[in-house]
Amino acid sequence: MRESDILVLGGGPAGGAVAIGLSRLGYRVTLVSEPRPFDAVEGISERVIQGMQGAGFGFALSAMAEPSPRQVTWNGVTNAANTERLVTRQRFDQALLLDLARQGVQVIQGRIQSCHAMKTGYQAEVALSAGGQEQIYGDFLVEARGRAAPAAGVPRIKGTQTVSLLQYWQGAHAVPCTAVQSFADGWAWLAMRADGRRYLQLTLDVASVALPPKRQLGDWCRERLQQLEQAQPFIEGAEPVGEVYARTSTPVLCEQSAGHNWIRVGDAAMAVDPLSGNGIFQALSSALQAPAVVNTLIRHPERAELARQFHEARIEGLFYRFARIGRDFYAQESQWPDTPFWQARRQWPDRQPMHLEITPDQVTTAMRPVVQDGVIIEAPVVVTPDQPLGIWHLNGLPLAPLLDAIRSEPGTLPAAVLARTVGIDKGALLAQWMQQQRWVY
């Protein structure tokens, strides 16, 4: 049996980021990567590149194509204001495994048949891609198998049920590009690779769409695509190949995402309809702080509750942030306000604005969990309606003590108070920044 300190199940961006982070902290990490069950391509925004650089994804970055033109038709208006990079997920996933191996992670390629909690850890049974079986043991489990991760008994919050249908088309070699278009029953994301492979995806409402039997699904998708203006360059001179692949894209949040010897990250912890170019970004966002959480749970069990609170609050905060971004984007589509797809999504998850109005009397200081030197500690932070988890530092300056100092002298200008601690020039700039943030008058 192969033994390690950390057993990571899932070799996507979230699992990879956590594995690399824990390896850097000195843990023996084994990661099991399952083969992707379907051919997929993903659009990557530029901010994802920065996140992957920070996570240590060198080889994976080499799988990125150059930026491709992207057209969007939404609410009847077409624009081509931005670009995205197309990445073939099979190639990306294999490159990521090279990054993991280079940074000391033991990588096992195979299908996870079972994983059981033992007396002191977890044991997984793996059918190896190269043939044979292997048992793998880890003292700590990182669940990173995305939406496929088992969730029996885990309390979850779910959004409106959504399904995405992916149809492959093949045509002549072409200039890579992507497009998005809304329609009465949902929206389409369309991608074309240089080799002529096209990925045409329809996202629909499960409750209201009447899908045909599986054998008729290909013709059904083709008829829908033929009605979309943006789809015409993608289907012209091309034909569908293979079967339509259906997958759930329903938003879901696991209300419990960490225990004393396990943690859920990426889509296994929370998944939101990524719209276009945000899937990997969302996965990384929920995973980059997880190594500090795991490190604290293992080495500082007296802070276990603090570490779990930090992780679960962060996951919940990201879930609702991404969900509200999606809600506001859906709300921009006003052509079909009464159709089930748009009616449900323009109101979910709530009506809270993305950015709340802030006044100085709403801004407080409080103790909150933060990351310091690879562990979770408690520190004073500034809490605002927009930042309920707190803001700790700005350019290395702890903000809560400085705000408290300003409030202890209500008759003195903030810049003068700050000048005593950080100097006249920095004090003036910081006071101006706090005023812009509406922390002080």
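The values are calculated or read from the model by the stated rules, or taken from the named source; none is laboratory data. All values derive from a computational prediction rather than experimental measurement. FYI the Cβ positions are ideal-geometry reconstructions off the backbone, even for glycines, and counts take in every protein chain you see.
If I filter segment 251-269 for residues that are closer than 22 Å to Tyr168 by Cα, in contact (Cβ under 8 Å) with a residue 12 or more places away in the chain and out of contact with any Phe, Trp or Tyr (no Cβ under 7 Å at 6 or more places or on another chain), do I get at least one hit? Looking for residues that are closer than 22 Å to Tyr168 by Cα, in contact (Cβ under 8 Å) with a residue 12 or more places away in the chain and out of contact with any Phe, Trp or Tyr (no Cβ under 7 Å at 6 or more places or on another chain), one finds none in segment 251-269, hence no.
Being part of a loop (DSSP other than H, G, I, E, B) and within 20 Å of Thr359 (Cβ to Cβ) is the filter here, so list the residues in segment 381-408 that pass it. Those that are part of a loop (DSSP other than H, G, I, E, B) and within 20 Å of Thr359 (Cβ to Cβ): Thr384, Pro385, Asp386, Gln387, Pro388, Leu389, Gly390, Ser408.
The residues of segment 331-356 that are touching an Asp or Glu at 6+ places or on another chain (Cβ under 9 Å) and within 30 Å of Trp439 (Cα to Cα), listed by number, are Pro353, Met354, His355, Leu356.
Please determine whether any residue of segment 209-226 is in a strand (DSSP E or B) and modelled with pLDDT of 95 or more. The answer is no, given that none of the residues of segment 209-226 is in a strand (DSSP E or B) and modelled with pLDDT of 95 or more.
Within segment 313-335, being part of a loop (DSSP other than H, G, I, E, B) and surrounded by 15 or more Cβ atoms within 10 Å (Cβ to Cβ) holds for one residue alone: Glu333. Of the residues making up segment 72-89, just one is more than 23 Å from the chain's Cα centre (by Cα) and crowded, with 18+ Cβ neighbours inside 10 Å, namely Thr73. Sub-6 Å Cβ pairs linking a first residue in segment 76-96 that is without any contact (Cβ under 8 Å) to a residue 24 or more places away in the chain to a second residue that is surrounded by fewer than 21 Cβ atoms within 10 Å (Cβ to Cβ) and among the β-branched types (Val, Ile, Thr), at least 6 apart or interchain, are Asn79/Val72, ordered by first then second residue.
Where strands (runs of 3 or more DSSP E) sit wholly within segment 228-290, those with at least 1 residues that are at negative phi and among the hydroxyl-bearing types (Ser, Thr, Tyr) occupy 239-248. For the subset of segment 109-147 comprising residues that are in contact with a Gly (Cβ under 9 Å, 6 or more places away or on another chain) and either outside the structural domain of Val293 (by TED's automatic domain parsing) or of a type in the set (Val, Ile, Thr) (or both), which member is surrounded by the most Cβ atoms within 10 Å (Cβ to Cβ)? Residue satisfying both the conditions and the ranking: Val142.
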